[in-house]
1. Please arrange 93, 208 by counting, for each residue, the other beta carbons lying within 10 Å of its beta carbon, fewest first.
2. What does the highest-first list of 320-328, 168-176 look like by mean Cβ count within 10 Å?
3. So, R0 is 56 Å and r is the distance between the beta-carbons of residue 233 and residue 273; what FRET efficiency does that work out to, to 0.05?
4. Taking 25 °C and 0.890 mPa s as the conditions, I'd like the Stokes-Einstein D for the stretch 149-203 in µm²/s, using the Kirkwood hydrodynamic radius from alpha carbon pairs.
5. Taking the Cα-to-Cβ direction at residue 174 and at residue 116 and moving 7 Å from each Cα, how far apart do the two end points lie in nm?
6. Quickly work out the residue 342-to-residue 140 label distance, labels modelled 7 Å from Cα along the C-beta direction, and quote it in nm with one decimal.
7. Determine the alpha carbon to alpha carbon distance for each of 121/267; 267/306; 170/296; 277/322; 163/306 and list only those over 23 Å.
8. Want the number for residue 196 to residue 255: 0.36 nm per residue separation, take away the alpha-carbon distance, what's left?
Amino acid sequence: MTTKTKRKLLTNRPLTPMFPIMYENEKEPIARSAAVQAEIDKLDIGGDLQNLRQNPNISDSDFIDHLRALMTPCQLRLSWPGSRRAIDEGNKFEMARTISADAELLAVSKKLYDFSNDRWKPVKSIRQRAINTWHRMSIAYAPEPGTRLIRRDLVESFVTEIKALQVELKQAVIQLNEQFSEILKEGEARLGRSYKREDYPDNLLDSFAIEYSFRDIGCAMELHDLNPQLWMDEVARFRENLDEALYRSESVVLEGLAEALETLHGKLKPSENGEKKILRESAVSNITDMIEQFRKTSIGASPKVKVLMDRLNEALKDTNAKYLRQSPTEAARVSQNLEVLKTTIAELRVEDEQAKRIRIAGRQTRRMSFDEAMSNKPS
């Protein structure tokens, strides 16, 4: 009997071809060459993509090489027991008769497992922690759903955390498998006559997995040899998509900071009716954690966002909730600074929205130009 397991790439859309080059051993990214590292040190880009993107002296091919040395696309795949099976024809026709429906027009499935049961909590928790680790250490890369960009200097930490979760998952699955006979009995009780033992695997030991992979970034040089112009078009598209990834990551950060600042500022403002407000440590730590996380995972930030992060860090430096509760003077100072920073974030979000409209309009214009050129192409 074969194990039926759902392998899920964390995406909800098909992958878009980007002429990817897979690593020979995709479990570990290719080490950056000494020559490329020397060039990066010479450029003094300091791991910041903004400096690399804005350098006018870098050719397209050099840009891709330097980019590979800064970051790598990372995918996370989760294997999980497939929970649904189609109802057999006999049961489907019986159900159709019950509701006076045409059985040929019905799509009926049964749910094999009750994942809400407490016995599934450990494996569900580990799965979510793996996803959180992936999101925490990388940024989304829109052209390839299911792929995120991670800085090279974070790869080792990411791999270490995921491998620890893989070990933890293995132990949790062993414990879960000891209850497999009970899971089957529950399934039989819930599904009644639609229950079939062959819908289930022999055991659950091979039904769970956390896997990660790293991919090459950019466009294959083989394409350059075949068609230089197409390669240049792909590089231009890649640069555009990379810009979109940066804009989106900044947009998410600004949205999160706006909510966190609003919460803290509201706690620090005196209540109109004199009611005492509860200020928890999380109101402060949420903001400082966002700043620290952004600095760790960011592959490039606009100058304005960098300044904002510095000002936020300065405003909350050596401050915690306990100190703010005990010192009205410090609370007033922080509240005043937050008022100004809230306005700054609001302005940045407006600029971000305007830039988004311009990018969309630019893509539509380029698409129209491309379609027009193709329509005028001689047959």
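1. Taking fewest neighbouring Cβ atoms as first place, the list is 93, 208.
2. Per-residue Cβ counts within 10 Å, averaged per peptide and sorted highest first, yield 168-176, 320-328.
3. After rounding to 0.05, the efficiency reads 0.35.
4. The calculation lands on 173 µm²/s.
5. 3.2
6. The modelled label-to-label distance comes out at 2.7 nm.
7. Violating the 23 Å limit, Cα to Cα: 121/267; 267/306; 170/296; 163/306.
8. Net length gain for the segment: 16.4 nm.
Coordinate-derived values only; no laboratory data. None of the values given here were measured: they were computed from a predicted structure. Please note: Cβ atoms are built from the backbone with ideal geometry, for glycine as well, and neighbour counts cover all protein chains shown.
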